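The structure appears right after this line, and notes come after that.
Derivation of every value follows stated rules applied to the coordinates shown; laboratory data play no part. Just so you know, these numbers come straight off a predicted model, no measurement behind them. Because the Cβ atoms are built from the backbone with ideal geometry, glycine has one as well, and the counts that use them run over all protein chains shown.
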Amino acid sequence: MAKEKTIAPNKTARVNYEIGDTCEAGIVLTGTEVKSLRAGRANLKDSYAVVNNGEVYLREMHISPYDYGNRANHDPLRPRKLLLHKREIKKLYGKSREKGLALIPLKLYFKNGKVKVEIGIGKGKKLHDRRQDIKQREERREIAREFKSKRIKV
């Protein structure tokens, strides 16, 4: 079993999007970017993926400049190429062309020493969908509290 160490989860992705299929992709990085990721200095909050000329790029992912880097330090918001098989790229391209669907990075992690990104195909949630999710979560918590209180009294 491969060891995974999460670097940066995208906490807002599952709140703002209804995630369907997911896939794992490698990512092309420079040395200072990897060192910065090992220090845990990345943010996926407003990032998204796009398919361009048969290649997938991750945009708006922020990796802070490496503290001990020299003039060869990286640009924090540069587009980063994702490494996927051609059939996966075709599938993602087809899905991203559908109305209302977007390619959203869900988490960034190390797997066997390599940096990987989990990409999900997401459909944007409306405000009433988010309210419905909050209502269901509150109901589940209330039911759990009821069961817990019944066990203690018995």
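Once the Cβ-Cβ distance of Arg78 and Asn43 is raised to the sixth power relative to R0 = 22 Å, the FRET efficiency obtained is 0.95.
Averaging the Cα positions of each part gives two centres, and for region 1-38 and region 96-145 these lie 13 Å apart.
What is the list of residues in region 123-148 whose amide nitrogen lies under 20 Å from a point 7 angstrom out from the Cα of Lys99, following Cα to Cβ? Residues 123-129 fall inside that zone. Of the cross-linked pairs Lys45/Lys116; Lys86/Lys111; Lys81/Lys123, those separated by over 19 Å at the C-alpha level are Lys86/Lys111; Lys81/Lys123.
Remark: the Ala144-Val28 segment gains 37.3 nm on full extension, using 0.36 nm per residue and subtracting the alpha carbon distance.
In units of the rule-of-thumb radius 2.2 N^0.38 Å, the chain shows an alpha carbon radius of gyration of 1.28.
Here the dipole of the chain is about 500 debye; that uses its Cα centre as origin and unit charges on the Cβ of Lys and Arg (positive) and Asp and Glu (negative). Between amide H atoms placed 1.01 Å from N, distances below 5 Å from Tyr66 occur with His74, all of them 5 or more places distant or on a separate chain. Between the helical axis of 127-153 and the longest alpha-carbon principal axis of the chain there is an angle of about 50 degrees.
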